[in-house]
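Note sheet for the following structure.
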Amino acid sequence: DAQIVVRLDQIPAIYKSIVFMVVIHDGKHRGQNFARVDNAFIRARDAKGEEICRFNISTSAAFAEFCALTFAEVVREDAHWAMRAIGQAHASDRFTELLRPYL
């Protein structure tokens, strides 16, 4: 299991948003997709450990033939952060293409 911990209260004020994505490295070139990954999911939990958002990637037909997923975006709003679940699947596994809408 891979886990990424982001402590939003420690992010410098110059950063206004963070986009979370999951990508199968070189998935398109190797013909891999989320349907071929057992028990794949991505979730967000709050500081208390409570799950606030979850996408079951490998069991969802919506993500099955894709190799990348824009999971969520957190946006700084004054002194607080707001999370927006996105759940958009992508056929591309190239970060330059996936990040283009956020530049």
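The values are calculated or read from the model by the stated rules, or taken from the named source; none is laboratory data. All of these numbers come straight from a predicted model, not from anything done at the bench. Every residue, glycine among them, receives a Cβ derived from its backbone with ideal geometry; neighbour counts consider all protein chains shown. Note: accessible area is taken over every heavy atom of the protein model, side chains too, but ligands, DNA and RNA are not part of it. Shrake-Rupley method; radii C 1.70, N 1.55, O 1.52, S 1.80 Å.
Odds and ends about this structure:
- Helical runs assigned H by DSSP (4 residues or longer) give the chain a calculated mean residue ellipticity at 222 nm of -1500 deg cm²/dmol, each run adding -39500 (n - 2.57) before division by the residue total.
- Each Lys or Arg adds one and each Asp or Glu takes one away; over the other residues whose Cβ falls under 15 Å from the Cβ of Lys28, this sums to -1.
- Within the accessible area of the chain (1.4 Å probe), percent carbon and sulfur: 49 percent
- Ellipsoid equivalent to the chain - semi-axes via the Cα gyration tensor, in Å: 26, 17, 11
- Relative packing of 6-18, 45-57, which averages over residues the other C-beta atoms within 10 Å, highest first: 45-57, 6-18
- Principal axes of the range 26-78: Cα extent on each, largest first, Å: 42, 22, 17
- Within a Gaussian network of the chain (alpha carbon springs, distance under 10 Å), most fluctuating of Phe66, Phe20, Phe34: Phe20
- About the centre of its Cα atoms, the chain shows a dipole size close to 160 debye [charges on the beta carbon of Lys, Arg (+1) and Asp, Glu (-1) only; nearest 20 debye].
- Looking at the chain, the accessible area is 73 square angstrom per residue; that uses a 1.4 Å probe and ignores ligands, DNA and RNA.
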